[in-house]
Amino acid sequence: MKFLFDDDHYPLVIEQGILCARSFIWIATANLKDLHIVSGGRSHPLLDDLARKAGGGVCIRILYGAEPSSRFKHSFDEHENLISGGIELQPCARLHAKLVLVDNVLAYLGSANLTGAGLGAKSAHTRNFEAGVLTNDTSRINDLMEYFDRIWRGDHCPQCKRRDECVDPIV
């Protein structure tokens with residue numbers, strides 16, 4: 001287990017986590033924005049890489065709390081394979097958790113959203129102050145996967161008192 005602070009997030013969660021995925025990427029985020037990453041000295045949307053991953057068979061699920069930003073939607077719509085289901089998106093008005101789960105080998109749990117100021121490549125002078133924990137402990141990863149999956153399946157939906165806020169109810 002490793003504690004992450006501020007600009008630790010980008011290299012460890014994005015570069016060594018999400019971008020190295022071979023099987024699956026599960027992300028839970030309260031805010032979903034058009035996070036940009038840096039490659040070869042140039043910035044581009046993370047969605048470009050996720051589209052390539054999805055095209056290569058990586059299962060990608062994103063749970064989110066608030067309506068995605070217009071820039072996220074625009075970048076998403078530039079990838080036909082994402083529009084046709086390459087990334088599974090599931091809204092939940094109650095979601096505030098921030099998780100990244102990769103290939104059952106890496107899990108991040110912390111304060112950072114899937115945004116440029118959270119997990120992205122913003123500079124140390126503009127990014128949010130974030131703290132989190134990174135683990136490769138299979139037992140802990142399994143616990144977090146089960147937590148994510150309970151929300152994904154909608155186990156909480158029948159008793160939820162905020163159903164009127166759901167744009168796309170899970171069940």
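The values are calculated or read from the model by the stated rules, or taken from the named source; none is laboratory data. All figures in this text were calculated on a predicted structure; none of them were measured in a lab. Using ideal geometry, Cβ is built from the backbone for each residue, glycine included, and neighbour counts are taken over all protein chains shown.
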**Q.** the stretch 118-151, subset hydroxyl-bearing (S, T, Y) and surrounded by 13 or more Cβ atoms within 10 Å (Cβ to Cβ), residue farthest from L12 (Cα to Cα)
**A.** Y147
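Assess whether A93 counts as being farther than 22 Å from E15 by Cα, aliphatic (A, V, I, L, M), in contact with a Lys or Arg (Cβ under 9 Å, 6 or more places away or on another chain) and at pLDDT 90 or above.
Details: farther than 22 Å from E15 by Cα: yes; aliphatic (A, V, I, L, M): yes; in contact with a Lys or Arg (Cβ under 9 Å, 6 or more places away or on another chain): yes; at pLDDT 90 or above: yes.
Criteria met by A93.
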Q) Where residues in the stretch 152-168 are surrounded by fewer than 15 Cβ atoms within 10 Å (Cβ to Cβ) and part of a loop (DSSP other than H, G, I, E, B), which of them is farthest from the chain's Cα centre (by Cα)? A) K161
Q) How many residues are of a type in the set (G, A, S), assigned to a strand (DSSP E or B) and touching a residue at least 60 places away in the same chain (Cβ under 8 Å) if we restrict to the stretch 101-131? A) 2
Q) Given the structure, is E130 modelled with pLDDT under 95 and of a type in the set (D, E)? A) no
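I'm checking my understanding of the structure. Among residues of the stretch 1-15 that are of a type in the set (A, V, I, L, M) and surrounded by 13 or more Cβ atoms within 10 Å (Cβ to Cβ), which one is nearest to G110 (Cα to Cα)? It would help to see each step written out before you state the result.
First, pick out the residues of the stretch 1-15 that are of a type in the set (A, V, I, L, M): 1, 4, 12-14.
Filter once more, keeping what is surrounded by 13 or more Cβ atoms within 10 Å (Cβ to Cβ): 4, 12-14.
On the way: L4: 8, L12: 13, V13: 11, I14: 14 Å.
Among those residues, the one meeting the criterion is L4.
Considering only the stretch 144-159, state which residues are of a type in the set (A, V, I, L, M) and within 16 Å of V102 (Cα to Cα).
Going residue by residue through the stretch 144-159, those that are of a type in the set (A, V, I, L, M) are 144-145, 151.
Correct list: L144, M145.
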Q. Of all residues in the stretch 16-34 being under 14 Å from D48 (Cα atoms) and charged (D, E, K, R), which is surrounded by the fewest Cβ atoms within 10 Å (Cβ to Cβ)?
A. D34
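Check every one of the strands (runs of 3 or more DSSP E) wholly within the stretch 35-100 and list those with 2 or more residues that are surrounded by fewer than 19 Cβ atoms within 10 Å (Cβ to Cβ) and among the β-branched types (V, I, T).
Details: elements: 36-39, 42-45, 59-64, 87-91.
Filter on the stretch 35-100 gives an empty set.
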